[in-house]
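Each remark here refers to the structure printed beneath this line.
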Amino acid sequence: MLTCKEQVARSSDYLDGQLSFREKLMVRHHLMFCRNCRRFIRQMRLMQATLRAMPQKPEEGVEALAEQLAALRRKDSS
Ligand SMILES: [Zn+2]
């Protein structure tokens, strides 16, 4: 099984669909058992979605991103 460090190193490739079939299975397997990495992947996914949806003005995008992450953190701690 992957360590969390190895998992994190593969996260962006995983989200981009760049991993080989075998590596993808390893990542999924790790995510099944590791709550922390599940949360990490969720945050990365949200961040990517936010960056893609970023408006023309960069400052607004950064603000929206910070807001979304804050909302996510609130949800997790409740
Ligand atoms: Zn982990």
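Structure data summary
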| read-out | value |
| --- | --- |
| Conditions (1) part of a loop (DSSP other than H, G, I, E, B); (2) at pLDDT below 90; (3) more than 16 Å from the ligand (Cβ to nearest atom); number of the one not met by LEU72 | (1) |
| Helices (runs of 4 or more DSSP H) contained in segment 1-61 and holding at least 2 residues more than 12 Å from the ligand (Cβ to nearest atom) and modelled with pLDDT of 95 or more | 21-33 |
| Output for segment 1-25, where each listed residue is of a type in the set (A, V, I, L, M, F, W, C) and farther than 27 Å from ARG52 by Cα | MET1, LEU2 |
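The values are calculated or read from the model by the stated rules, or taken from the named source; none is laboratory data. Model, not experiment: these values are computed from the prediction. We place every Cβ from the backbone using ideal geometry, glycine too, and count neighbours over all the protein chains shown.
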